[in-house]
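In what follows, a structure is listed as structure tokens, so that the remarks can point back to it.
Just so you know, all these numbers are worked out from the coordinates, no wet-lab data involved. Because the structure is predicted, anything quoted here is derived from the model rather than measured. Counting neighbours? That spans all protein chains shown, and the Cβs are built from the backbone with ideal geometry, glycine included.
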Amino acid sequence: MFLAEKEYHTIIVGVTGHKYECGMRADDDGAIISGYIFKDIAIGICVWASDTIIRDCLFINCKDEGIVLMPTGNNNSIIDCIFIECCDGIELQQAHDSIILNCEFIRNWHAGIDIIGDPSYNTLITKCEFIDNKMDVFDLSRWPHD
């Protein structure tokens, strides 16, 4: 996948500098988010809903994560997205039954995909490319806890 092959229509840049500033929230089930660039913001997209499709988006320097899937939603799809120099490209917080397909994770300084919470299960990660991340996939849910 090459950046030049994509057409992006809107750039969302951080404004407040707030630790958890979110460029876009998906609160309604079935939303489709496509063709955006999220740059220099804490969190690109916060997904609180189910059946959300995020495709063909670019995330650059998201200080927390490009996309966070919250525990209130499931069956979400992230397709053909690129995450460059974010803390985490995607963070799953007890997110279930989702798919991450054909995405690129480049130089993310914590993880390409960060799976936290107990449990985050049945998410399929397939045909993704991981390049120079500190960790490609970090799955905290598999670590033993008290």
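7 Å from Cα along Cα→Cβ at both HIS110 and GLU85: what's the point-to-point distance in nm? Spacing of the two 7 Å Cα→Cβ label points: 1.9 nm. In order along the stretch 108-113, phi translates into HN-Hα couplings of 6, 8, 10, 8, x, 10 Hz, rounded to whole numbers, per the Karplus curve 6.51 cos²θ - 1.76 cosθ + 1.60 with θ = phi - 60° and x for Gly and Pro.
For the chain, the square roots a ≥ b ≥ c of the C-alpha gyration tensor eigenvalues yield an a/c under 1.5, which makes the shape rounded.
Please arrange TYR121, TYR36 by how many other C-beta atoms lie within 10 Å of their C-beta, fewest to most.
Ascending number of Cβ neighbours within 10 Å: TYR121, TYR36.
Under 5 Å from the amide H of ILE125 lie the amide H atoms of ILE100, each residue being 5 or more positions distant or on a separate chain, with H modelled from the backbone and absent for Pro and chain starts.
Positive end of the dipole of the chain, charges at C-beta (+1 Lys, Arg; -1 Asp, Glu), about the Cα centre: which of GLY30, THR123, GLY89 has its Cα farthest in that direction? The residue sitting farthest along the positive end of the dipole is GLY89.
Can you compute the charge dipole magnitude of the stretch 7-128 about its Cα centre, using +1 on each Lys and Arg Cβ and -1 on each Asp and Glu Cβ, nothing else charged? Give it in debye, rounded to the nearest 20. Let's see the in-between values first.
Numbers: 7 positive and 18 negative charges, 48 e Å.
Using Cβ point charges on Lys, Arg, Asp and Glu, the stretch 7-128 gives about 220 debye.
Among 56-63, 89-96, 102-109, sorting by the average number of other beta carbon atoms lying within 10 angstrom of each residue, highest first, gives 89-96, 56-63, 102-109.
From most to least packed by mean Cβ count within 10 Å, the peptides 125-132, 23-30 give 23-30, 125-132.
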